[in-house]
Amino acid sequence: MKNNKVLIGIIAALTLVIVGLVAFILAGDKKKADDITTQAVDNETTTVNTSESNEVEGSDLDTTTTEEANQQKADCYVTVTSNNNWESNGKVSGQLDISITNNSDSQIKNWTIEIPVSDGLKVDSFWNSNCVVEGGVLKITPVEYNSTVEKSSTLKDIGVIVTVANKSEFDGLMNESTLLVDGKEYSGTSANSSAEEKDDEKTTTEKESVEAQTPAKPESGTPFENHGKLSVKGVDIVDKNGTMYQLKGVSTHGIAWFPDYVNKDCFQTFRDDWGANLIRLAMYTHENGGYCNGGDKEYLKGLVDDGVNYATELGMYVIIDWHILHDLNPQVNKEEAKKFFEEMSAKYKDYDNVIYEICNEPNGGTTWADVKSYAEEVIPIIRKNAPDAIIIVGTPNWSQDVDIAAKDPITGYDNIMYAAHFYAATHTDSIRNKVQTALDSGLPVFISEFSICDASGNGAIDYGQADKWFDLINSNNLSYAGWNISNKDETSSLIKASCSKTSWWDESELSETGVWLRKTILGIQ
Ligand code: IDC
């Protein structure tokens, strides 16, 4: 019996060894198969590889073989591209678009991107990152919402605008980036302007939160070069390719009172530093010194002409605004308006970037019938010269009653839009409802003037209401122009009263409204 037990014990032990061996061989095959699969995927998706001697943080790595770990390490890299640079006071400014790809199986954390730079490099702005120059190196580090790059994902939309001595120095910035993860180095990759990101898939929650902060990506070429003649399709503005387009910009104050801001550098600042594609030229008609009330007509038309030409040279869209206000009813100065728009539309008939706003804000007892009959006299005059230009028609109650206009729109013409204006600390849900009602009934609405303080153009800012307005604006592709380009001592002015510069303002020289509007247009808040 004892011998039998020993025999059974030996057989059992042998069986265990055999089962163990078979399991080991099978596991080895599976691992090989896994390696082959990983390799195949990598060959398909990774076109540029990086260094081999680093570690990616993450507990997953603890259980992997050296070979697997190396495979993961090779899949982390930084990409620096640019599709926009411009001449700036004899130097070259440009935007670097930066992304970090993590094709490994582990998160990466605490990343830093380093780019060697010359002494003269100046950082003009940056977003979705922190950015400093230290010891000849541009160091880009995360902000709190994008410090982790999830496995198998790309963190995009890190942007830096820099000014350097010349174009070749700028191009050089794209060739020498290094990604550091917990102090260990990965060489970067670069691509020139033609290398658009191909992978648009949303891959991480970080990325989604970053996207909410993503600035409108500046394009190479001017807005007009890219989008050309605009038209109205349904409730939307569309560009020359029929693609939905949003005009985002700023309005002058009355050009009679703040003529110094009608200058090319000023408009270029809004285009290049604010991401704006639109300038509105507000020419008051009835206030003291306005076009129909003692203003020097030739001088004012000269300012309009300068403004249109600067905007045109910069490839921006421009609104010529017949800024009625204390005249209440556009019928009051209608004959002047007809002459003015006859002359303007003849002069700019070949300018496909000019938009005509024929009555800023009807108010007082002015009815939609009054406005409509005025518009029906002015529109055909413009149409003779500019058959397709966008024309914006004001609406009663300081351009709030778009819902009323929507019940009885102007017929027989294309490319007509209707003005809705708001001052966020005064105008809230009820005016937003009017805009929504108008849009629902198919009326194209243009927010050709607004601010975030109260309706006097002064008083406290209401950021909460401003956010609600911009939810409505951005979810409906509404175009807008923020009031006003001046340093007048009132909340709606974009420049601080203490600043007399008329272009290239630092953030510290902008008013609170100015800081907010710049970020809003750039899409970084
Ligand atoms: C205001 C200016 C202010 C100027 C006044 C003249 O901000 O400096 O003294 O006009 O009446 C509008 C008008 C716009 C107003 C603005 C703020 O279109 O001309 O500008 N506003 O009151 N509609 C609602 C508010």
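Read-outs throughout are calculated quantities, based only on the coordinates presented, and are distinct from any laboratory measurement. Note that the structure is predicted; figures quoted are calculated from it, not measured. Cβ coordinates were reconstructed from backbone atoms using ideal geometry, including for glycine residues, and neighbour counts include every protein chain displayed.
I need the calculated FRET efficiency for the pair Glu335 and Tyr299, taking r as the beta carbon distance and R₀ as 22 Å, to the nearest 0.05. Efficiency for this residue pair is about 0.60. Computed from the C-beta positions of Val515 and Glu87, the FRET efficiency with R₀ = 25 Å rounds to 0.40. Summing Lys and Arg as +1 and Asp and Glu as -1 over all other residues whose Cβ lies under 11 Å from the Cβ of Ala276 gives a net charge of +2.
Cβ-to-Cβ counts within 10 Å put Asp75, Asp171 in ascending order as Asp171, Asp75, the fewest first. Extension gain for the segment Glu343 to Val132, taken as residue separation times 0.36 nm less the Cα-Cα distance, is 70.8 nm to one decimal. Based on the alpha-carbon gyration tensor of the range 386-468 and its eigenvalue square roots a ≥ b ≥ c, which shape applies: rounded if a/c is under 1.5, prolate if not and a/b is larger than b/c, or oblate? Because a/c hits 1.5 or more and a/b exceeds b/c, the range 386-468 counts as prolate. Label-to-label distance, Thr367 versus Tyr413, with points set 7 angstrom from Cα along the beta-carbon direction: 2.1 nm. If you bin all the Cα-Cα distances of the range 251-394 at 5 Å, starting from zero, the percentages per bin are 2, 10, 21, 23, 21, 14, 7, 2, 0. Its convex hull of Cα atoms gives the range 74-171 a direction-averaged projected area, equal to a quarter of the hull surface, of 6.3 nm². Pairs of Cα atoms in the range 424-525 fall into 10 Å distance bins, from 0 up to the last occupied one, in shares of 15, 46, 29, 9, 1 percent. In the range 452-510 the Cα-Cα distances spread across 10 Å bins starting at 0 as 21, 43, 31, 5 percent of all pairs. When you restrict to C-alpha pairs under 8 Å that are six or more residues apart and normalise by the size of the range 100-154, the relative contact order lands at 54 percent. Taking other C-beta atoms within 10 angstrom as a stand-in for reagent exposure, His227, His323, His421, His286 fall in the order His286, His227, His421, His323, fewest first.
The Rg/Rh ratio for the range 317-412 is 0.95, where Rg is the radius of gyration of the alpha carbons and Rh is the Kirkwood radius. On the basis of the beta-carbon distance and an R0 of 51 Å, Val238 and Val143 show a calculated FRET efficiency of 0.90. The simple spin-label model puts a point 7 Å past each Cα toward its Cβ; for Lys229 and Lys109 those points are separated by 5.8 nm.
Counting every C-alpha pair in the range 224-333, the share spaced more than 15 angstrom apart comes to 65%. Among Asp440, Asp388, Asp273, the order by Cβ neighbours within 10 angstrom, fewest to most, reads Asp440, Asp388, Asp273. Just so you know, the Cα atoms of the range 344-492 work out to an Rg and Dmax of 15.6, 45 Å. Computed over the Cα atoms of the range 136-175, the ratio of the radius of gyration to the Kirkwood radius (Rg/Rh) comes to 1.06. Each Lys and Arg Cβ is given +1 and each Asp and Glu Cβ -1; about its Cα centre, the range 75-140 then shows a dipole of about 140 debye.
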